[in-house]
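A short write-up of the structure that comes next.
The values are calculated or read from the model by the stated rules, or taken from the named source; none is laboratory data. Because the structure is predicted, anything quoted here is derived from the model rather than measured. FYI the Cβ positions are ideal-geometry reconstructions off the backbone, even for glycines, and counts take in every protein chain you see.
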């Protein structure tokens, strides 16, 4: 088959929407440190960005509602003695944030209540840390909270280690040793495993509580930085990196058998030299890949162990950092599935919502599955003891309706809607054996009239159309009768129109016929037909024999003729050679004689007013066609008579 098949997908038409300048976060001083980090982190309340500050490291926290141009002097989160390299928000408390710095320290911060950047103070007071974690000997490049256990934090350092911190007592509980600097790390959904990429081009899957890698495999062979991200509830990991030829690659790994990427090899991407930053959205099963240094964001949909390309958000403004909003912070009323925050020119941060184009104004449950809330699956002590569980989830419909989210167990959360539909049929079988089931089918009987409102049959349509046609036909017939009644007095008024000279010329032939002419309904149209014949100038003296002969010849014509509305166009084109220019007096007298005699047969063709008006209206067209044909035959007869009169004149002259 030559047809092209298009893969069905709910997210095939997802598009990124650019934001106007006034809706961005402007007048920022974003850090220019060369460390490979995302620079920006976001949660449903705040936006954190690494700040270019002198006299030690700092970062800024911006309330999401305070958009536009920020004040020149803003309160910063200060405490590090060197540049801040990375930050991360607590997934179960939107006011807690952790930071790692070039000074080798990890600090914990709490956003003050009613925090704002717009203050009346000349020098706004900076925010101080609420906790300090010391244990790394070199710079801390990444910090990442455990997505399932509360108060468990991972930090990677230039000392080739990843430390696991229990924030309840502020001590390092576990250490994962590497052979080179860690470039990125990502937790599994249940928080039991950690995946890391490092400069030694190795990909390691760590069983964290055993402090040893479960798998260690060869990653991307390129010299540039490699990134990794765990695909939520799946046993899959995505990596981005470069080949030996510095070509960008995408890798999908199965944690159960990570000896090689799924499919046997890496998937090539564009030939750009920018480091790729991957972001996984567990709700939509979409992967977003942004280039560090270019303005494009490519997104894919994961299906059948493959990444199907969807589309690409293109922008002329390059980004150095990028962050994605957690699912519980998107705008469900706008069908927004996720929202990105990208840095632009180290001066502003632009929100980019990704929207599914739909017209419906109701909650779209097919694109908003249950998502993780603010309740952890376990405490830090339980996690350290070996407990493994997924955090509870809640239905996003509660957030759409503005209700308090009701959390469910992780295995039950994706099924709230089916549970409601399954509970409805459950009582039905219980009531089926009971006699109450009998009246239930009888109740829908009032719905029977709805069946009568179906489309009428063809026979009914024909009958209704014929009834309508007959109704209009009666109205037309009545109008015709009224028109005839109105025309009769009008035709009687036309009696004086006839010239007295024509009446006098018709008297020698017969005066009785002259009385019939005014009564004919079409008598006033005949002078136009006889004007050219009777109005011609009379010739010289003609013998009486010629005049009597002309009368005898014209008599048969006038008796068989019918009134004509206008015979000028048909009689005048007669052959000029056969009819002499001067007209004889006998010919002029014969034409008025034909006029009143021709009116008598025309009167017989009048539609009888006492008959059916509808029949008269139907036969009017046929009468007009007969009159037209007769006019044509009369024209021919006139030509023949004219030639005969000319011949008689010639004989008389001889």
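Set side by side, the residues 371, 388 differ, and just one is within 30 Å of residue 169 (Cα to Cα), crowded, with 18+ Cβ neighbours inside 10 Å and touching a residue at least 60 places away in the same chain (Cβ under 8 Å), which is 371.
For the range 284-322, residues that are modelled with pLDDT under 90 and closer than 17 Å to residue 232 by Cβ total 0.
If you filter the range 374-384 down to residues that are out of contact with any helix residue (DSSP H, G or I) (no Cβ under 9 Å at 6 or more places or on another chain) and assigned to a helix (DSSP H, G or I), you find that the one that is surrounded by the most Cβ atoms within 10 Å (Cβ to Cβ) is 380.
Residues that are assigned by TED's automatic domain parsing to the domain that holds residue 228, in contact with a strand residue (DSSP E or B) (Cβ under 8 Å, 6 or more places away or on another chain), surrounded by fewer than 17 Cβ atoms within 10 Å (Cβ to Cβ) and under 23 Å from residue 329 (Cβ atoms): does the range 68-86 have at least one? Yes, the range 68-86 contains a residue that is assigned by TED's automatic domain parsing to the domain that holds residue 228, in contact with a strand residue (DSSP E or B) (Cβ under 8 Å, 6 or more places away or on another chain), surrounded by fewer than 17 Cβ atoms within 10 Å (Cβ to Cβ) and under 23 Å from residue 329 (Cβ atoms). Is one or more of the residues making up the range 49-69 touching a helix residue (DSSP H, G or I) at 6+ places or on another chain (Cβ under 9 Å), outside any loop (DSSP other than H, G, I, E, B) and within 30 Å of residue 105 (Cβ to Cβ)? Within the range 49-69, none of the residues are touching a helix residue (DSSP H, G or I) at 6+ places or on another chain (Cβ under 9 Å), outside any loop (DSSP other than H, G, I, E, B) and within 30 Å of residue 105 (Cβ to Cβ). Checked against (1) assigned to a loop (DSSP other than H, G, I, E, B); (2) in contact (Cβ under 8 Å) with a residue 60 or more places away in the chain; (3) not assigned by TED's automatic domain parsing to the domain that holds residue 151, residue 364 meets all criteria but (2). Might you check whether a residue that is surrounded by 18 or more Cβ atoms within 10 Å (Cβ to Cβ), part of a strand (DSSP E or B) and under 49 Å from the mean Cα position of the chain (by Cα) occurs anywhere in the range 156-173? For the range 156-173, residues surrounded by 18 or more Cβ atoms within 10 Å (Cβ to Cβ), part of a strand (DSSP E or B) and under 49 Å from the mean Cα position of the chain (by Cα): present.
Scanning the range 222-231 for residues that are under 29 Å from residue 371 (Cα atoms) and either in contact with a helix residue (DSSP H, G or I) (Cβ under 6 Å, 6 or more places away or on another chain) or assigned to a loop (DSSP other than H, G, I, E, B) (or both) turns up 226, 231.
Taking residue 204, is it touching a strand residue (DSSP E or B) at 6+ places or on another chain (Cβ under 8 Å), assigned to a helix (DSSP H, G or I) and touching a residue at least 24 places away in the same chain (Cβ under 8 Å)? No; evaluated as a whole, the condition is false for this residue. In the range 174-190, of all residues being outside any strand (DSSP E or B) and under 51 Å from the mean Cα position of the chain (by Cα), the one that is surrounded by the most Cβ atoms within 10 Å (Cβ to Cβ) corresponds to 188.
Scanning the range 301-310 for any residue that is buried (at least 18 other Cβ atoms within 10 Å of the Cβ), assigned by TED's automatic domain parsing to the domain that holds residue 34 and free of Cβ contacts under 8 Å to residues at least 40 places away in the same chain turns up nothing. With respect to residue 147, determine if the residue is assigned to a loop (DSSP other than H, G, I, E, B), out of contact with any helix residue (DSSP H, G or I) (no Cβ under 9 Å at 6 or more places or on another chain) and modelled with pLDDT under 95. For residue 147, the condition - assigned to a loop (DSSP other than H, G, I, E, B), out of contact with any helix residue (DSSP H, G or I) (no Cβ under 9 Å at 6 or more places or on another chain) and modelled with pLDDT under 95 - is not met. Among the residues of the range 327-355, which ones are surrounded by 19 or more Cβ atoms within 10 Å (Cβ to Cβ) and assigned to a loop (DSSP other than H, G, I, E, B)? Result: 330, 335.
Listed here are the residues, each with its yes/no results for (1) in contact (Cβ under 8 Å) with a residue 60 or more places away in the chain; (2) assigned to a loop (DSSP other than H, G, I, E, B).
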| site | (1), (2) |
| --- | --- |
| 215 | no, no |
| 220 | no, yes |
| 233 | yes, yes |
| 240 | no, no |
| 245 | no, yes |
| 251 | no, no |
| 257 | no, yes |
| 264 | no, yes |
